[in-house]
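> Once you've had a glance at the structure underneath, I'll fire off some questions.
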Amino acid sequence: MMAEVFTSLRRVYRSCCVCGFSVTCLLVFIVAAITVTPVMAQSLLPESSSISLGDNGANPPCRYVGKFEQSRALPGSNNKLTATGEFLYSCKRGLIWEVREPVVEILIYTQAQANFRVRKSLKVRHLQGPADAYIGQIMLASMSGDTEALSKEFELISADTLSLVPRSALVAKRLKKITIDHRDNESLINVIAGGTGDITIRIFDVNAWDPSTKNDKPSNLDADFCQSFSLFPKPVCRVLLKPADYIAPELD
Amino acid sequence: MSPSPAINTIFRWLFLAVVLFIVFSAYSMWTNGFVVQSSMTAMIPEQRNSEALKIANSRTQAIAEQNIVILLEADDPKTLSVAADTLLDRLTSHKDVLAVNDSQKNIDELIERIKPYRFGLLSNNDKQILLAKDATILEENALENIYSISSATQLLPLHADPLNQFGHYIEERLARSAMLGSGGDVGVNQKLFTVKLQQSLSAPGVQLQVNNTVDELENELTAQFPSVTFSRFGVAFFAEQAARSAKADVNRISIGSGIGISLLLLVVFRSVGPLLVPIASILIGVGFALSVFHQLFNELHVFTIVFGASLIGIVIDYSIHYFYHYAHQQDLASSHKQAHTHEPANKTDTKSPLMRALLLSLLTSVMGYGALFLSSVSVLKSIAVFSVCGIIAAWLSVMVLAPLVAKNAVKLRANLVQHVVDLLSYLIAPLARRIQLKSVVLLTLAMLIVIAGIYKAEDDPRTFVHLSGDLLEQSRKINDVSQQFEPGRYVLAQAESDDALLEKLAQFSKQLDNGARLESVANWIPSSVDQASNYALQSMVYGPAGVIIDVLTQLGFAPELIKQLTTDYNSAGNQTLDLETFNRLSENLIAPLSFTANNQVYALALIYAGADLDRVQQLANNTNGIRYVYSVEDSRVELQRQRVSALGMLLLAYLAVATLLWLVYRSFKSVSLVLIPLASTIITVFLLLMSGQAVSLFHTMALFLVLGLGMDYIIFLTEMKTQSRATLQAIVLSAATSLISFGFLALSSVPAAQSFGITVFIGNAVNLMVTVAVAYSANNNEGAYLFNGKTA
């Protein structure tokens, strides 16, 4: 399993390196951070869950939902911008990262290695940039907890809280450091981003989705799971379940 | 036997001047160094291109030359990762030679340099959004980006690019271009490094330094990580490999020829004395040629040295003829003495047949090698200059030194050589008896018909050099995993203005559709009209009533940051990123792919590997102002043209030689001796074709030397007719030395040198056979083509 994750990470890392984009490091970190215990990465999801990318979705638990709150300190001001949302993870399909308040931004990272953004207008955009591909792969891979992948991009420093310092000078120029603090039922992540404002993300209420109440075939479980999660199930779940339908041929 | 005292004095002064020049140049070379070039482009003809095409070719060549690629592979990703870190670490200690083309660093640098122009640069998607002129959507997008966690690492801070438009623009460019560098992981078990050479590859010593550095890195890395495979790709490696094998060739040819010829001369002359003159003449000849190159160009191509090494077999001829005839004359003198004649044996002047023969021989060799200068292949030109200088200096050395050595009795084993002559005569006698004009003409015609039927030419410049199989294998491996351009192929666009050029390139790319991906300046900047239009569209965002001002103010951004943003927008109103500015700003980051020449603007569009090249060519041919350039094909056509014109020149050379013979000897029989090299030429081409070789420019140019050598034999046969026996022996001996030298050249690892060597080897062997046949006929009064007079 780890080997497969590692393979995916390498592929994505390649695409990142080709274009040198590092935007993704934050998200890499955010998901990764949650998966990290001192020096070792853990799954973002509750310890009871045993995530396997080899899991075809038929063996529960393989579907999770959780909440997050992210706030950003504005540079040159004491004001903070706070947004909240929820995420859904299906080890077979991928991840939906849904910011709901005060703006709507839905990012969908599929296991088919195609990533999308759904706007409030419900317009779907295929994210073809290497940075988006990188983010998507890392986020998905991080669900299973991959210390090696993280330590490739960050130097992991274990103390009371885990600190991740970017290895790339270019990333470090924009993203100074990330710290992770695991508490009882939540994880707190601080992103020291400098110019664009530091960000704090709190992740909480992470639960496995129990399909036992459903009589569906395993193949329909993800559809049910998504329908019950998203604010905009029509495009969002369709994108998650059938990403090929939304893949644009090429960048303009 | 010596020239007249006046001429002798001139020769001595000239010789002294040559020696002083060599000594002076040797000191200069010792103190300043001497560059031995090994660029493979020396095998490619200079084309009669326009200035623009010359600039374009040199730009593409520089792009290819100034980068190398290293690929690391290992089964264990962890080991690979550590090995990669070690390589990067080691590379930093060689930063004066090599520097990793760090794409992230390059991108960061480029962003810093072009960000003042950002308001005129929009991604296609952002432009569509602005064209919709929907303030609500713009506001939503801004909010979305500002709240999004992904904006934490966007390229510019939120207050400088709240919609991350510049980030989108750069991302869109990067999806189209690999010019800022590539590298990183290309698979679970592979890591790729693009490395830039810190100095021009053509600068003295850089090629060797780069190779030594990479060798050192490879040795260190593979010693530390035995499971890691190290592969490399780059022009520098192929050039160095060619240089190394050429140097080995030079050693092989010079040592082999030297030993072979020395042994031959020792056996024939039975003393070291006569050996010293040819050795001195070779050293002075080569020394003078090197000195001329040092003073004029301060560099010499390694292939020229390879060809030059075969000069040994040519310059030695003067010594051989001199000593042979000197010894022969001594014998005659001693016979004379015995017959009570008191006339000194060496009372000769410049009109003596040997002096005239040596002078004519020099002229024919100079003409033979000089003909190579007519080619536009730089290596052939330099061979011409090198050889002519070497031959003249060597000849002069013989003229000055040989009489000094010859004062002591020169003894030779004439009988031994005569046995060889007899053997050859015996073998050739059946042919010689039938050597009639009619049969020669018929045979020649028959061979010409066969030649015409099976004539096969090879003009592909790639076949002139040998590339290491191991390096080619490594290159293939790297090409499979990295984004490389089609080698030697590109598109050259021409227009009267920047905008027209960018428009032309954009249209061309669009028409190619998915047929090919191009790398051009149009990937990076829009036209000034588009930039102005983009800037105008941005007024909805950043202008006096722009939506972003309200959004940022409401969200609580610091007022001074908001003010700075609007100031930046306003001051960017007059700024357009034109081609010249972009070239300046992207210096050392992106290769300059545009330039101006003759009041026209030009842009190169490199073609990414995997393109439908036929489609690119077809479209380029049908598009005004766009030219498809395939330098290999252009070189092939040029080489073909030169090969054909060289054949024409060869025919003219034969006519000139025949005319010269007529003017000098006024005898049809003497003129008919031109059939010796002509027959050799035809038989050589015939044999080459029959052996399956295709005739190239190098074969053709070698035929001039076959003519030159054949002419030598004609001249000596004609001039030394009173000593035909000794002359034939000297010819056999000098032919043997040439055959040794060119035989070794034929074994060269450089295909071009090989072609040259094999042609002269065969041609000269046939020259010798035909000469012996003619002499046999003359001596036995059996042939129709005898030189004037006959001797026993």
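The values are calculated or read from the model by the stated rules, or taken from the named source; none is laboratory data. All figures in this text were calculated on a predicted structure; none of them were measured in a lab. Please note: Cβ atoms are built from the backbone with ideal geometry, for glycine as well, and neighbour counts cover all protein chains shown. Ligands, DNA and RNA are stripped out before the accessible areas are found, and what is left, the full protein with its side chains, is counted by its heavy atoms. Shrake-Rupley method; radii C 1.70, N 1.55, O 1.52, S 1.80 Å.
> Can you give the percent of C-alpha pairs in the stretch B:487-571 whose distance is more than 20 Å?
54
> On to the next question. Accessible surface of B:MET367 in the full protein assembly, 1.4 angstrom probe, to the nearest 10 Å²?
110
> With an 8 Å Cα cut-off and a minimum separation of 6 or more residues, compute the relative contact order for chain B in percent.
About 21 percent, as a whole number.
> Full extension from B:SER262 to B:THR623: what is 0.36 nm times the residue separation minus their Cα-Cα distance, to one decimal in nm?
Details: separation 361, 0.36 × 361 = 129.96 nm, distance 6.41 nm.
The B:SER262-B:THR623 span can extend by a further 123.5 nm.
> For chain B, what is the mean residue ellipticity at 222 nm derived from helices alone (per DSSP H run of n ≥ 4: -39500 (n - 2.57); sum divided by total residues; nearest 500 deg cm²/dmol)?
-22000 deg cm²/dmol
> I would also like to ask the following. Around B:ALA457, which amide H atoms from residues at least 5 apart in sequence, or from another chain, sit under 5 Å from its own amide H, with H modelled in the peptide plane?
Under 5 Å from the amide H of B:ALA457 lie the amide H atoms of B:VAL695, each far enough along the sequence or on another chain.
> For the stretch B:638-792, what does the equivalent ellipsoid look like in terms of its semi-axes, each the square root of 5 times an eigenvalue of the Cα gyration tensor, given largest first in whole Å?
28, 18, 12
> Here is the link list: B:LYS438/B:LYS669; B:LYS196/B:LYS477; B:LYS411/B:LYS721; A:LYS92/A:LYS242; A:LYS234/B:LYS133. Which ones come out longer than 18 Å on Cα distance?
Violating the 18 Å Cα-Cα cut-off are B:LYS196/B:LYS477; B:LYS411/B:LYS721; A:LYS234/B:LYS133.
> List the aspartates and glutamates whose Cα sits under 15 Å from the Cα of A:LYS120, skipping any in the same chain fewer than 8 residues away.
Once the sequence-local aspartates and glutamates are set aside, what remains near A:LYS120 is A:GLU98, A:GLU101, A:GLU105, B:ASP134, B:GLU139, B:GLU140, B:GLU144.
> Mind giving me the nanometre distance, one decimal, between the label points for A:HIS126 and B:ASP85, set 7 Å out from Cα along Cα→Cβ?
Here the answer is 3.8 nm between the modelled labels.
> Of B:LEU138, B:ASN767, B:VAL405, which is farthest towards the positive pole of chain B's charge dipole, taken about the Cα centre with +1 and -1 on the beta-carbons of Lys, Arg and Asp, Glu respectively?
Toward the positive end, the furthest listed residue is B:VAL405.
> Tilt of helix B:312-338 relative to the longest C-alpha principal axis of chain B, in degrees (0 to 90, nearest 10)?
10
> Same structure, new question: Which listed residue (B:GLN207, B:ILE312, B:LEU197) has the Cα farthest towards the positive end of the charge dipole for the stretch B:178-312, taking +1 on Lys and Arg C-beta and -1 on Asp and Glu C-beta about the Cα centre?
Checking the options against the dipole of the stretch B:178-312, the answer is B:ILE312.
> A follow-up question, please. Starting from the Cα of B:GLU633, step 7 Å along the direction of its Cβ; do the same at B:ALA452; then give the gap between the two resulting points in nm.
Going by the 7 Å Cα→Cβ label model, 3.1 nm.
> To the nearest 10 degrees, how steep is helix B:77-92 against the longest Cα principal axis of chain B, on a 0 to 90 scale?
70
> How far apart, in nm, are two points set 7 Å out from the Cα along the Cα-to-Cβ line at B:PHE297 and at A:THR161?
Label-label distance for B:PHE297 and A:THR161, simple model: 6.9 nm.
> Measuring from the lowest to the highest alpha carbon on each principal axis, how far does the stretch B:179-312 reach, largest first, in angstroms?
71, 37, 19 Å, listed from the longest principal axis down.
> Distances over 18 Å make up what percent of all Cα-Cα pairs in the stretch B:668-751?
Taking all Cα-Cα pairs of the stretch B:668-751, the fraction more than 18 Å apart is 51 percent.
> In addition: 5 Å is the cut-off here: which amide hydrogens, built 1.01 Å from N in the peptide plane, fall below it relative to A:LEU127, excluding neighbours closer than 5 in sequence?
A:ASN115, A:PHE116, A:ARG117
> Give me a single rounded figure for B:120-126: the average over its residues of other chain Cβ atoms within 10 Å of their Cβ.
1
> Which three numbers, in whole Å and largest first, are the semi-axes of the equivalent ellipsoid of the stretch B:272-317 derived from its Cα gyration tensor as √(5λ)?
Output for the stretch B:272-317: semi-axes of 23, 12, 6 Å.
> Let me spell out the model: positive unit charges on the Cβ of Lys and Arg, negative unit charges on the Cβ of Asp and Glu, origin at the Cα centre of the stretch B:437-548. What dipole size does that give, in debye rounded to 20?
480
> Work out the FRET efficiency for A:GLU69 and B:LYS563 from their Cβ-Cβ distance, taking R0 = 30 Å, and round it to the nearest 0.05.
0.45
> Treating only the Cα positions of the stretch B:84-241 as identical point scatterers, give the base-10 log of I(q)/I(0) from the Debye formula at each q in 0.11, 0.14 Å⁻¹.
The Debye formula, applied to the Cα set alone, gives -0.63, -0.83.
> Please give the FRET efficiency for B:GLU51 paired with B:ILE7, using the beta carbon to beta carbon distance and R0 = 51 Å, rounded to the nearest 0.05.
0.55
> In Å, the Kirkwood hydrodynamic radius of chain B over pairs of distinct alpha carbons?
31.1
> If you don't mind, another one. Check which residues have an amide H placed less than 5 Å from A:VAL206's amide H, if you skip close sequence neighbours.
Hits under the 5 Å cutoff: A:LYS67.
> Using the Cα centre of the stretch B:411-526 as origin and beta-carbon charges of +1 (Lys, Arg) and -1 (Asp, Glu), tell me which of B:GLN418, B:ILE449, B:ALA500 is placed farthest towards the positive end of the dipole.
Working it through, the farthest residue towards the positive pole turns out to be B:GLN418.
> Same structure again: Give me the inter-chain shielding for A:72-79: mean count of other chain Cβ atoms within 10 Å, whole number please.
Mean partner shielding for this stretch: 6.
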